[in-house]
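I have placed the structure first, in the form of structure tokens, so that the comments after it can refer back to it.
The values are calculated or read from the model by the stated rules, or taken from the named source; none is laboratory data. Note that the structure is a prediction, hence the values are computed from the model and not measured. Don't worry about glycine lacking a Cβ; one is built from the backbone with ideal geometry, like all the others, and counts go over all protein chains shown. Accessible surface is based on the protein model in full, side chains and every heavy atom, while ligands, DNA and RNA are left aside. Shrake-Rupley method; radii C 1.70, N 1.55, O 1.52, S 1.80 Å.
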Amino acid sequence: MTKPAVNKPTVPDLRARKGTRLVMLTAYDFPSAKIAVEAGVEVLLVGDSLGMVVLGYDSTVPVTMEDMLHHTRATRRGAPDAFIIADMPFLAYATPAQAIANAGRFLKEAGADSVKVEGGVDAVPVIEALVRAGVPVLGHIGLTPQTASSLGGYRLQGRDEAGARRLLEDAVAIERAGCWGIVLELIPAALARAITGRVGIPTVGIGAGPDCDGQVLVFHDLVGLFSGFTPKFAKRYAEAGALMREGISRYVAEVKAGAYPAEEHSFGMDEAVLRRIYGG
Ligand code: KIV
């Protein structure tokens, strides 16, 4: 039996993080998970954004359960003590039965601690079924990338009165359904503040202003590893892509110039053995 994780937050611990600036970041593999935790990130999300930033799709729609399980396992190996949330991919939770079967795989086979489900009022039956079955659920409303096309593309949600009211209703409904927290994506800051004030569980914002209970970003956006498109809210804290390109082009130049590998990168051998081989 493996040892229980030391200091891993529980779901009640996370629920109690209301108003305390919870720091969440996506991670998709061993190195990104390890680096994020070493840097102080508190909760990791294996987002289906991996479809775009790791697998090169132009949306999250093609991402499969097998993709998500593979990356969640690698993330767990990089962060054995972290609270890890796995994103349920598109159509993996179309019915409560399907949601329970797939969420069970994340918890039992890949070491996830919670799943994330996109959707508001419409997602209530699925969220209720998951919570009743013992699966912790993080909700996700606002811009929900899996259904971005139906929402008119990757654009700000909840701008007009009807949209804002709908998002408030969504937040209240999924809190009642049993979510321990809610991701608010790409909505006006004032609406995020109102939702955060209305619900008793932590909100985690991405493009939702400063007044959410926590923040989440996509790893590759934060470190400058994804140049497909950069939303206004995605602050780049590093230029890892440029650093990697520079290092790799130096490697190319040194191999071509015969400068790498040098003596210090090579291994010696007993001269007598060499003489026996070559008969010298
Ligand atoms: O897939 C993802 O990375 C997400 C975050 C943007 C919240 O859902």
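A few remarks follow.
- If you go through region 74-89 and pick out every residue that is buried (at least 24 other Cβ atoms within 10 Å of the Cβ) and assigned to a helix (DSSP H, G or I), you end up with 1.
- Pair list, Cβ < 7 Å and 6+ apart or interchain, from region 183-196 residues that are among the acidic types (Asp, Glu) to residues that are modelled with pLDDT of 95 or more and not in a loop (DSSP other than H, G, I, E, B): Glu185/His140; Glu185/Gly142; Glu185/Ile206
- Filtered residues of region 24-73 (kept if free of Cβ contacts under 8 Å to residues at least 40 places away in the same chain, within 13 Å of the ligand (Cβ to nearest atom), farther than 12 Å from His220 by Cβ and open to solvent by 30 Å² or more (accessible area, probe 1.4 Å)): Tyr57, Asp67
- All positions within region 114-145 that are acidic (Asp, Glu) and buried (at least 22 other Cβ atoms within 10 Å of the Cβ): Glu118
- Unmet requirement for Ser32, which otherwise passes all of (1) touching a helix residue (DSSP H, G or I) at 6+ places or on another chain (Cβ under 6 Å); (2) of a type in the set (S, T, N, Q); (3) not in a helix (DSSP H, G or I): (3)
- Boolean, Met269 is surrounded by 11 or more Cβ atoms within 10 Å (Cβ to Cβ), among the aliphatic types (A, V, I, L, M) and away from the ligand (no atom under 16 Å from the Cβ): no
- Checking each residue in region 2-23 for being touching a residue at least 12 places away in the same chain (Cβ under 8 Å), in a helix (DSSP H, G or I) and surrounded by fewer than 19 Cβ atoms within 10 Å (Cβ to Cβ) picks out Val11, Arg15.
- The residue that is surrounded by the most Cβ atoms within 10 Å (Cβ to Cβ), among those in region 185-237 that are assigned to a strand (DSSP E or B) and out of contact with any helix residue (DSSP H, G or I) (no Cβ under 6 Å at 6 or more places or on another chain), is Val204.
- Pairs meeting the criteria (first residue in region 199-224 and within 10 Å of the ligand (Cβ to nearest atom), second residue of a type in the set (Phe, Trp, Tyr) and open to solvent by 20 Å² or more (accessible area, probe 1.4 Å), beta carbons under 7 Å, at least 6 apart or on different chains) are Ile206/Phe233; Gly207/Phe233; His220/Phe226.
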